[in-house]
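Novice: Right, I'll just put the structure down here and ask away after.
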Amino acid sequence: MKLWLTLFLIITATIQSYATLENITCKKCHPIIFSEYQHSMHAKSSIFKDPVHKAVWDKHPDKAKNNYKCAKCHTPSDHDLISGKTKLSKNAIQENEPISCQACHTIESIEKHTKINKNKFTQKKKYFFSADKTRKGEKITFEEKSSYFGLMTKTSGSPYHDIDYSNKNFYNGNMCLGCHDHKQNGKNFSVCDMQIKNDDSKETCISCHMPKIQGSFVNLKNTKTHAFHGISIHTMNISLLSKHIKLSLHQTTKGFEVSIENKANHTLFAQPLRLSQLRVSIEKEDKNTHLESKNFMRIIGKNGKPAMPWVADSELKNTLIKAHEIRKVAYDIPLEKGDTVVIEFGYYLVNPKAAKKLGITDEHVTEFKVLTKKRVEI
Ligand code: HEC
Ligand code: HEC
Ligand code: HEC
Ligand code: HEC
Ligand code: HEC
């Protein structure tokens with residue numbers, strides 16, 4: 001009897017932990033978006049899936065108290081953790097959908113605060129916000145209309161949920177900013193700030209990071225395209241994003257100048273662990289010359305020395321490329337006809353110096369990644 005009871009408890013516990021996985025239902029009808037999402041950083045933003053986040057959390061003073069405040073942005077779908085019912089532990093949500101489909105699609109508005117912004121979610125069940133310019137303002141509930149005495153039925157909307165196309169935050173990209181705008185530490189020092197420039201340019205967070213690509217967004221009807229959901233700088237969308245960074249070369253009296261134009265409305269690689277870099281080499285008939293690479297970074301610290309984000313109270317250096325900035329780098333090296341200049345702009349996910357301090361050796365994290373490249377023949 002006792003054995004049966006234990007077995008029963010184990011089985012129901014397993015079912016429960018899976019039943020709370022919200023994305024599984026979406027997979028049935030939105031398979032393409034679901035599989036892209038699996039590769040996105042939003043599916044891997046917990047310490048159980050992101051080795052960089054884990055390495056920093058392992059050193060964080062709040063870890064001793066198991067007070068995982070990072071959950072607000074890194075694992076908002078672990079509802080029991082957010083509400084204080086449980087402490088951080090490995091579970092199916094942490095591993096599969098720390099920022100679930102619902103976590104984004106139920107964001108009703110963003111509350112602005114100096115420390116961190118806050119997402120306000122709708123309390124309505126199965127009610128999702130989305131954007132479609134041709135249906136802007138509409139609110140669609142599932143409807144089945146029968147005609148010819150019930151022989152034909154016509155449906156509109158989704159048979160599983162309501163859709164609200166009237167939330168402006170899904171059109172201007174502000175729905176991303178509950179998590180992505182800025183973050184201050186306990187000393188009111190800004191650890192990370194995207195310094196977003198609100199401007200009239202047509203591109204938004206959503207149009208650049210979730211561009212429309214081939215494939216239907218739902219398997220109940222054939223829409224030609226869907227919004228890309230595999231958001232990540234680690235893997236697949238490098239080619240989708242590199243076009244927003246333009247490299248060019250101008251010859252000058254002393255040599256030449258390379259320009260990096262950042263078309264994004266935010267500082268490039270604002271996360272303080274990143275290091276972006278410009279690499280230039282000159283190919284001549286018989287030899288290649290690699291010029292000194294140029295770093296773009298923000299170093300935060302205390303008493304003039306680099307420090308961890310929770311200790312830092314000042315900025316020691318900031319050479320990051322700002323929103324819409326055209327950064328020029330001059331080289332006093334005359335070029336000759338027949339030379340080819342190879343320009344590469346890319347980044348280290350974690351600045352090699354910081355990686356060493358954090359004990360991160362994973363090659364995926366420590367290698368230099370080229371974001372965009374250009375060859376100019378003189
Ligand atoms: C039973 C099938 C079904 C399930 C399950 C389902 N959806 Fe849908 N969904 C649809 C259909 C059909 C549409 C298209 C409705 C239309 O175009 O009128 C849709 C549309 C949407 C849209 C808006 C698309 C647009 O036009 O911009 C979003 C967002 C969405 N679903 C999210 C989800 C999420 C998140 C889940 C999981 C919690 C989910 N759906 C589960 C069938 C489903
Ligand atoms: C206000 C929301 C927010 C909170 C709270 C937050 N983060 Fe983050 N964190 C982000 C966002 C957004 C990113 C992605 C930034 C980017 O890529 O530019 C990120 C990225 C990171 C990264 C880099 C990850 C990588 O793979 O390169 C680390 C490390 C990190 N956070 C650690 C933490 C820790 C530790 C805590 C809690 C002590 C925390 N964060 C709390 C929003 C937040
Ligand atoms: C609920 C909070 C949340 C929302 C909403 C959110 N993000 Fe994120 N996002 C994160 C966190 C946390 C990370 C960092 C994950 C990590 O590296 O561990 C991240 C990572 C990213 C990254 C990748 C960084 C990398 O290291 O690969 C991009 C790009 C990004 N988000 C863009 C967006 C865009 C665009 C939107 C709006 C459509 C958005 N995010 C909405 C929390 C959020
Ligand atoms: C004009 C296109 C464009 C727009 C608009 C844009 N981005 Fe980006 N974003 C980029 C490019 C290009 C990069 C750098 C390439 C990469 O991440 O691989 C980038 C990088 C990022 C990263 C990763 C930074 C890191 O260090 O991990 C995050 C997070 C991000 N953007 C969020 C946003 C958010 C939030 C918005 C809206 C305020 C936004 N982006 C608007 C083009 C854009
Ligand atoms: C980081 C936030 C975020 C996450 C996570 C997310 N979505 Fe979306 N989704 C959006 C935004 C923003 C749009 C609007 C895109 C646009 O305007 O083109 C969107 C659009 C959609 C659409 C309409 C598609 C289209 O092509 O216009 C569907 C359907 C959808 N999402 C389903 C899902 C499902 C299913 C998941 C989970 C597997 C998911 N979303 C996860 C932010 C998110």
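The values are calculated or read from the model by the stated rules, or taken from the named source; none is laboratory data. Just so you know, these numbers come straight off a predicted model, no measurement behind them. Glycine also receives a Cβ, built like all others from the backbone with ideal geometry; neighbour counts cover every protein chain displayed. The area values use the complete protein model at the heavy-atom level, side chains included, leaving out ligands, DNA and RNA. Shrake-Rupley method; radii C 1.70, N 1.55, O 1.52, S 1.80 Å.
Novice: Send over a whole-number figure in Å² for the accessible area per residue of the chain, probe 1.4 Å.
Specialist: 59 Å²
Novice: Once whole DSSP H runs in the chain are found, which of them have Cα atoms spread over 20 Å or more along the helix axis and a mean Kyte-Doolittle score of at least 0.5?
Specialist: Sorted by number, the helices that extend far enough and score high enough are 2-19.
Novice: Right, another one. Lys and Arg at +1, Asp and Glu at -1: add these up for the other residues within a Cβ distance under 10 Å of VAL329 and post the number.
Specialist: Working: positive: LYS294, ARG327, LYS328; negative: GLU257.
Summing Lys/Arg as +1 and Asp/Glu as -1 gives +2.
Novice: Exactly which GluC sites (Glu not before Pro) in region 46-141 are in a DSSP loop and have at most 16 other Cβ atoms within 10 Å?
Specialist: Those that pass, being in a loop and sparsely packed, are GLU138.
Novice: Sticking with this one: Let me check I've understood the local charge: for LYS263, count other residues with C-beta under 14 angstrom from its C-beta, Lys and Arg +1, Asp and Glu -1. What total comes out? Kindly include the intermediate steps, with their values, before the conclusion.
Specialist: Numbers: positive: LYS197, LYS202, LYS243, LYS246, LYS322, ARG327; negative: ASP199, ASP200, GLU203, GLU261, GLU325.
Result for the neighbourhood of LYS263: +1.
Novice: What shape does region 178-319 have by the C-alpha gyration tensor, where a ≥ b ≥ c are the square roots of the eigenvalues, rounded means a/c under 1.5, and otherwise prolate means a/b greater than b/c and oblate the rest?
Specialist: Note, shape of region 178-319 comes out oblate.
Novice: What's the extension gain from LYS187 to GLU325 if we count 0.36 nm per residue and subtract their Cα-Cα distance?
Specialist: Between LYS187 and GLU325, full extension yields 46.7 nm more.
Novice: Which shape class applies to region 74-216: rounded if a/c is under 1.5, otherwise prolate when a/b exceeds b/c and oblate if not, where a ≥ b ≥ c are the square roots of the Cα gyration tensor eigenvalues?
Specialist: Oblate is the answer for region 74-216, as a/c is 1.5 or above yet b/c matches or exceeds a/b.
Novice: Within region 155-300, what whole-number % of the accessible surface is contributed by carbon and sulfur, with the 1.4 Å probe and all protein chains included in the calculation?
Specialist: Summing carbon and sulfur atoms, their accessible area is 51 percent of the total for region 155-300.
Novice: Here is the link list: LYS118/LYS224; LYS202/LYS317; LYS44/LYS356. Which ones come out longer than 27 Å on Cα distance?
Specialist: LYS118/LYS224; LYS202/LYS317
Novice: Right, next: Sequence-distant or interchain residues sharing an amide H contact under 5 Å with SER232, placed H: which?
Specialist: MET41, ASN237
Novice: Also, I was wondering about something else. Which far-off residues, 5 or more places away or on another chain, put their amide H under 5 Å from the one on LEU371, with H placed in the peptide plane?
Specialist: Answer set, sorted by chain and number: PHE345, GLY346, TYR347.
Novice: Continuing with the same structure: At a temperature of 20 °C and a viscosity of 1.002 mPa s, determine how fast the chain diffuses translationally according to Stokes-Einstein, using the Kirkwood radius over alpha-carbon pairs as Rh; express D in µm²/s, rounded to the nearest whole number.
Specialist: 90 µm²/s
Novice: A further question on this structure: Dipole magnitude of the chain about its Cα centre, charges +1 at Lys/Arg Cβ and -1 at Asp/Glu Cβ only, in debye to the nearest 20?
Specialist: 800 debye
Novice: Related question: VAL218 to SER89: FRET efficiency via 1/(1 + (r/R0)^6), r the Cβ-Cβ distance, R0 35 Å, to the nearest 0.05?
Specialist: The pair VAL218/SER89 has a calculated efficiency of 0.50.
Novice: Let me ask something else about it. Taking a spot 7 Å from the Cα of GLU377 along the direction of its beta carbon, which residues of region 268-284 have an amide N less than 16 Å from it?
Specialist: Taking a point 7 Å out along Cα→Cβ of GLU377, the residues of region 268-284 whose backbone N falls under 16 Å are 283-284.
Novice: Moving to a separate point now. Please give the length that would be gained between LYS356 and GLU315 if that part of the chain were fully extended, namely 0.36 nm times their separation in residues minus their C-alpha to C-alpha distance (nm, one decimal).
Specialist: Values: separation 41, 0.36 × 41 = 14.76 nm, distance 2.08 nm.
Answer, rounded to one decimal: 12.7 nm.
Novice: Something else now. Is region 269-378 best put as rounded, prolate or oblate by its Cα gyration tensor, with a ≥ b ≥ c the root eigenvalues, rounded for a/c under 1.5, and otherwise prolate when a/b is larger than b/c, oblate when not?
Specialist: Working: a/c = 2.70, a/b = 1.95, b/c = 1.38.
Because a/c hits 1.5 or more and a/b exceeds b/c, region 269-378 counts as prolate.
Novice: Is there a pair in LYS305/LYS328; LYS63/LYS328; LYS197/LYS353; LYS59/LYS168; LYS254/LYS357; LYS27/LYS59 whose C-alpha atoms are over 32 Å apart, and which pairs would that be?
Specialist: LYS63/LYS328; LYS59/LYS168; LYS254/LYS357; LYS27/LYS59
Novice: Modelled label-to-label distance, VAL370 and LYS133, 7 Å Cα→beta-carbon offset: nm?
Specialist: Spacing of the two 7 Å Cα→Cβ label points: 3.5 nm.
Novice: Taking the Cβ of LEU320 as the centre, find all other residues whose Cβ is under 14 Å away and add up their charges (Lys, Arg: +1; Asp, Glu: -1).
Specialist: Neighbourhood net charge equals +4.
Novice: Follow-up. Averaging sequence separations of C-alpha pairs under 8 Å and six or more residues apart, then dividing by the length of region 242-377, give the relative contact order as a whole percent.
Specialist: 29 percent
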